[in-house]
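All of the numbers you see were taken from the coordinates with simple rules; none came from a lab. Since we're looking at a predicted model, the values are computed, not measured. So basically every Cβ, Gly included, is an ideal-geometry build from the backbone, and we count neighbours across all protein chains shown.
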Amino acid sequence: MRTLYELVEWEDLGYNLPSCGIVLLSSCLVVLLLLPGCNALNPLCGSARPMPSLKSISPATMVFAQLPPSFVMTATGSHFVSSSVVVFNSAALSTTVISSSELTVNITSSKIAAPGSFKVVVQTPAGNTGNLGCSSGGTSGAQTLTVN
């Protein structure tokens, strides 16, 4: 029989997750302590939002002299949710979520004053589980719109 507050490794329980938590056992009580980043195991992380991943944008290149007054940019990736937004050159834009892997935004030519490179990321705000040890939301890696 295990004594009160004896540390049990995850492997003792048949799990290979040593970095996610510890279990404290007594004769009639089991306490699971989860560490940050263990959302999949933490039942309190149900409202945590995933970090978005941006894989590509279309168009990725344009000619400045041929810019239309506005155009639709499509962002593809994964882990997009209804609160995800496209940030174009540091400005959050009104975003349409097509699916968990596709977003669209309307970009006006006024946002592109001259030829250059324009950073595009997807941001998802954190959910309401931050105080429960749950990671939530975040900013994707960047893609670049090149305007020649």
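Observations on the structure shown:
- Linear extension gain, S99 paired with S117, 0.36 nm per residue minus alpha-carbon span: 3.8 nm
- Spin-label zone in region 61-90 - amide nitrogen under 13 Å from a point set 7 Å from the Cα of N106 along the C-beta vector: 69-73
- Relative contact order of region 53-147, taken over Cα pairs closer than 8 Å and 6 or more residues apart, is 33 percent.
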